[in-house]
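Working notes for the structure below.
The values are calculated or read from the model by the stated rules, or taken from the named source; none is laboratory data. Computed from a predicted structure; not experimentally measured. Note that we place each Cβ from the backbone using ideal geometry, even for glycine, and neighbour counts take in every protein chain shown. When the accessible area is computed, the model is the full protein with side chains, heavy atoms only, and any ligands, DNA or RNA have been set aside. Shrake-Rupley method; radii C 1.70, N 1.55, O 1.52, S 1.80 Å.
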Amino acid sequence: MTLGGFSGRDAVGGLALESITYVAGRTLLDDVSVTFPAGKVTALSGPSGSGKTTLLSIAGGLLQATSGTAELAGQDMWTGSGDPRPEVAFILQVYGLVPILSARENVSIALRARGTAPADADEAAEAALARFGIADLGERQVEELSGGQMQRVACARGFVVGADVLLADEPTSELDEGNRGVVLGELREEAARGAIVVVATHDPAVVEACDLHVALDEGRVVR
Ligand SMILES: Nc1ncnc2c1ncn2[C@@H]1O[C@H](COP(=O)(O)OP(=O)(O)O)[C@@H](O)[C@H]1O
Ligand SMILES: [Mg+2]
């Protein structure tokens with residue numbers, strides 16, 4: 001896709017993190033250098049508190065590193081505001097859904113915010129919900145959904161934009177095995193069309209299903 005001056009081809013060189021350090025009171029990330037390539041699903045594993053969410057946040061431009069660089073096609077991922085570049089989509093651990101909007105609206109707004117006409121955005125949202133087996137929940141207010149259903153709405157919202165960079169933070173933590181398989185299959189589809197896909201997880205079965213594996217421990221890369 002072409003958004004914000006990038007084209008899909010720009011993802012080819014990968015998302016390059018170089019000597020990333022993040023200090024918030026103490027050092028949460030310590031000299032992390034890693035490249036997330038296009039066309040692959042990379043697992044980012046590590047125990048709780050090891051820095052996975054912090055690293056994804058820096059990789060996607062939500063947080064500014066204390067030192068080091070995060071770049072895609074030579075452009076800094078940090079835009080100066082904490083707003084990610086439009087070619088980045090997140091699936092967040094805390095979902096970030098709007099509770100009083102419907103499932104479909106929560107997905108649709110990701111596209112509307114990028115300039116898609118409402119009717120087209122709604123149609124794409126329906127299709128995205130269907131990818132995760134929740135087409136029947138489109139009209140339901142998010143606050144009435146279960147944790148696993150909310151997580152699948154968050155996945156639909158992350159996937160619907162067809163982003164060059166898809167950063168998923170423990171996207172299967174609330175899901176049963178069947179739905180976990182669905183999400184992993186969809187992540188692979190995104191990589192297959194050339195996207196950079198990174199999945200933070202502490203689930204060995206998810207790591208196993210990914211192409212590449214980067215492991216963190218106490219803010220350092222250990223593999
Ligand atoms: N803004 C912050 N200020 C201080 N500590 C933080 C902040 N954000 C996260 N932490 C701490 O940093 C560590 C890494 O957190 P996080 O990146 O969320 O790890 P993970 O996602 O691997 O569980 C944890 O110990 C967490 O409590
Ligand atoms: Mg986390």
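When the stretch 82-127 is examined, which residues are found to be of a type in the set (A, V, I, L, M, F, W, C), over 15 Å from the mean Cα position of the chain (by Cα) and modelled with pLDDT of 95 or more?
VAL98, ILE100, LEU101, ALA103, ILE109, LEU111, ALA117, ALA119, ALA121, ALA124, ALA125, ALA127
Whether any residue in the stretch 151-170 is surrounded by fewer than 22 Cβ atoms within 10 Å (Cβ to Cβ), on the phi < 0 side of the Ramachandran plot and of a type in the set (Gly, Ala, Ser) is what I want to check.
There is no residue in the stretch 151-170 that is surrounded by fewer than 22 Cβ atoms within 10 Å (Cβ to Cβ), on the phi < 0 side of the Ramachandran plot and of a type in the set (Gly, Ala, Ser).
How many of the residues making up the stretch 31-76 are charged (D, E, K, R) and within 13 Å of ALA215 (Cα to Cα)?
Qualifying residue count for the region: 1.
What is the residue count in the stretch 49-103 for residues that are surrounded by fewer than 17 Cβ atoms within 10 Å (Cβ to Cβ) and within 13 Å of ligand 2 (Cβ to nearest atom)?
Of the residues in the stretch 49-103, 2 are surrounded by fewer than 17 Cβ atoms within 10 Å (Cβ to Cβ) and within 13 Å of ligand 2 (Cβ to nearest atom).
Could you go through the stretch 26-39 and let me know if any residue there is outside any strand (DSSP E or B), open to solvent by 40 Å² or more (accessible area, probe 1.4 Å) and either in contact with a strand residue (DSSP E or B) (Cβ under 6 Å, 6 or more places away or on another chain) or among the aromatic types (Phe, Trp, Tyr) (or both).
There is no residue in the stretch 26-39 that is outside any strand (DSSP E or B), open to solvent by 40 Å² or more (accessible area, probe 1.4 Å) and either in contact with a strand residue (DSSP E or B) (Cβ under 6 Å, 6 or more places away or on another chain) or among the aromatic types (Phe, Trp, Tyr) (or both).
Give me the pairs: first residue in the stretch 187-215 and farther than 22 Å from GLU174 by Cα, second residue among the basic types (Lys, Arg), beta-carbon distance under 9 Å, and six or more apart or on different chains, which are they?
That search, which allows pairs on different chains as well, returns ALA191/LYS40; GLY194/ARG9; ILE196/LYS40; ASP211/LYS40; ASP211/ARG188; LEU212/LYS40; VAL214/ARG223.
Being open to solvent by 40 Å² or more (accessible area, probe 1.4 Å) and closer than 22 Å to ALA11 by Cα is the filter here, so list the residues in the stretch 181-223 that pass it.
Within the stretch 181-223, ARG188, GLU189, ALA192, ARG193, ASP211, LEU212, HIS213 meet the criteria.
Mind checking which pairs have a first residue in the stretch 22-43 that is within 12 Å of ALA65 (Cβ to Cβ) and at pLDDT 95 or above and a second that is in a strand (DSSP E or B) and away from ligand 1 (no atom under 15 Å from the Cβ), Cβ under 6 Å, 6 or more apart or different chains?
ASP31/SER19; SER33/GLU18; SER33/SER19
Which ones in the stretch 57-93 are under 15 Å from VAL199 (Cα atoms) and either within 16 Å of ligand 1 (Cβ to nearest atom) or aromatic (Phe, Trp, Tyr) (or both)? If you could, list the steps in order and put the result at the bottom.
Filtering the stretch 57-93 for residues under 15 Å from VAL199 (Cα atoms) gives 57-60, 88-93.
Across the stretch 57-93, the qualifying residues are SER57, ILE58, ALA59, GLY60, PHE90, ILE91, LEU92, GLN93.
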